[in-house]
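One structure is given below, encoded as structure tokens.
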Amino acid sequence: MSTTQETVAASQITACSAGAMAQPTTWETSTGLARTPARPVKVIHPPAFSISTISTGLRTLVQYSDLLYTLSLFRLSVRYKQSALGWTWAALQPLALMGIYTIIFTRVATIKTGGVPYPVFVFSALLPWIFFSSSISTAVNGLVLHPNLLTKMYFPREIIPLSYMAASLSDFCIASTILGGLMVYYKVSLTWHLLYAIPIVVILAGFAAAIALFFSAVQVRFRDVGLAMPFLLQVWMFTVPVVYSLQSVPQRFRGLYLLDPVAGLIESFRLVVIRGTAPDLRTLALSGAVTLMSLPLAYAFFKSSEATMADLI
């Protein structure tokens, strides 16, 4: 009887030993947990300015689109946090500027508006300009305000300035409702040409992205950019038809004047919104062409600078 029991026990030990040899005991087998797949390794190559940099960067940006969405919502949630007026500030800024310019350019000086009430005239141009200027002013400083994100993890760095632009676009949409109220009050009719405002804003956003990406990359190395940007934008505002119309510019200078895509886009936005006419397609095409040339170049420069941002920040 004892011999039989010893034989069974020996056979069991032999089977267990064979099983152990077939499948060695590891942390995964002892705990019953499977090994998680390894994280993808991102190799940051030396700076390179090329077309392949653009295509690779765009593919990576698409993969991180959820992060862009999350950061954009975060910008919106903290933009007016602990503010008594909250989202009202998005409308107060253009309204305050409209009031100041209306007093100056109707009481002190006279601006030709073609019969359109000056408050509507100037507000329709302030909307795209404030969207453009606020996008640039906030996006340029975005990278230097978040050094921990840049030094502790990898993600496409352009997500930070683009998230600031998304917040500025929301302010633009809120202030657009105020423009609609002004048009109703001053009995300015709407036409189907208002649909042209969509491609105009898209082109303006593309040019703003080009400026923001270029100067945000430069800002990482030279902080003078962030200090000079408010002054540059203030000067830039008076070089585009915001407080005055394009007709105030002498005819012989308009071709050179419209080389600035912001000037053509703001004037086109005003035409389709308050005048109810189609924009000048040649001016719109010129602004679009400048944007299509500048945006890939600015993005390529930004991506080529991305490799050294964590070291310089």
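FYI, it's all coordinate maths here, none of it is from the lab. Remember, it's a predicted structure, so these values are computed and weren't measured experimentally. Here Cβ is always computed from backbone atoms with ideal geometry, including for glycine, and neighbour counts include all displayed protein chains.
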> Can you work out the base-10 log of I(q)/I(0) for segment 195-235 at q = 0.18, 0.24, 0.25, 0.31 1/Å, using the Debye formula on its C-alpha atoms alone?
Replying inline: -0.60, -0.81, -0.84, -0.99
> In whole Å and largest first, what semi-axes does the C-alpha gyration tensor of segment 197-313 yield when each eigenvalue is scaled by 5 and square-rooted?
Replying inline: 30, 16, 11
>> Under 5 Å between amide hydrogens, which residues at least 5 positions from V116 or on another chain qualify, with H placed 1.01 Å from N in the peptide plane?
In response: none
> Once the other residues with Cβ under 11 Å from the Cβ of A310 are scored (Lys, Arg +1; Asp, Glu -1), what is the net sum?
Replying inline: 0
>> Taking R0 as 22 Å, what FRET efficiency do you get between H193 and V62 from their Cβ-Cβ distance, rounded to the nearest 0.05?
In response: 0.05
> Quick one: Cα centre-to-centre distance for segment 158-177 and segment 206-282, in angstrom?
Replying inline: 17 Å
> Using the scaling law 2.2 N^0.38 Å as the reference, what is the normalised Cα Rg of segment 52-144?
Replying inline: 1.54
> What full-extension length gain, to one decimal in nm, is calculated for D280 and S248 as 0.36 nm per residue of separation minus the Cα-Cα distance?
Replying inline: 9.8 nm
> Spin-label point model (7 Å from Cα, Cβ direction): what's the A228 to L95 distance in nm?
Replying inline: 3.7 nm
>> What is the sum of charges, Lys and Arg at +1 and Asp and Glu at -1, for the other residues whose Cβ falls under 14 Å from the Cβ of L73?
In response: +2
> Which semi-axis lengths, in whole Å and largest first, follow from the square roots of five times the eigenvalues of the Cα gyration tensor of segment 266-313?
Replying inline: 37, 12, 5
> trypsin sites (Lys or Arg not before Pro), restricted to segment 53-134: which are DSSP loop and have at most 16 other Cβ atoms within 10 Å?
Replying inline: K81, K112
>> Restricting to DSSP loop positions (anything but H, G, I, E, B) with no more than 15 other Cβ atoms inside 10 Å of their own Cβ, which trypsin sites (Lys or Arg not before Pro) remain in segment 200-274?
In response: R223
>> If you scale each eigenvalue of the Cα gyration tensor by 5 and take the root, what three semi-axes come out for segment 162-203, rounded to whole angstrom and sorted largest first?
In response: 23, 15, 4
>> Bins of 10 Å, beginning at zero and ending with the bin holding the largest distance: percent of Cα pairs per bin for segment 102-195, please.
In response: 14, 32, 25, 17, 10, 3
> Which value does Rg/Rh take for segment 122-261 over its C-alpha atoms, Rh per Kirkwood?
Replying inline: 1.03
>> Between T88 and Y186, how high is the FRET efficiency from 1/(1 + (r/R0)^6) when r is the Cβ-Cβ distance and R₀ = 25 Å? Nearest 0.05.
In response: 0.70
>> Could you give the length gained by full extension between V202 and N148, i.e. 0.36 nm per residue of separation minus their alpha carbon distance, to one decimal place?
In response: 16.3 nm
>> Could you derive backbone 3J(HN,Hα) for segment 196-202 from the dihedral phi with the Karplus parameters 6.51, -1.76 and 1.60 (θ = phi - 60°), listing whole Hz in sequence and x where the residue is Gly or Pro?
In response: 5, 5, 5, x, 5, 5, 5
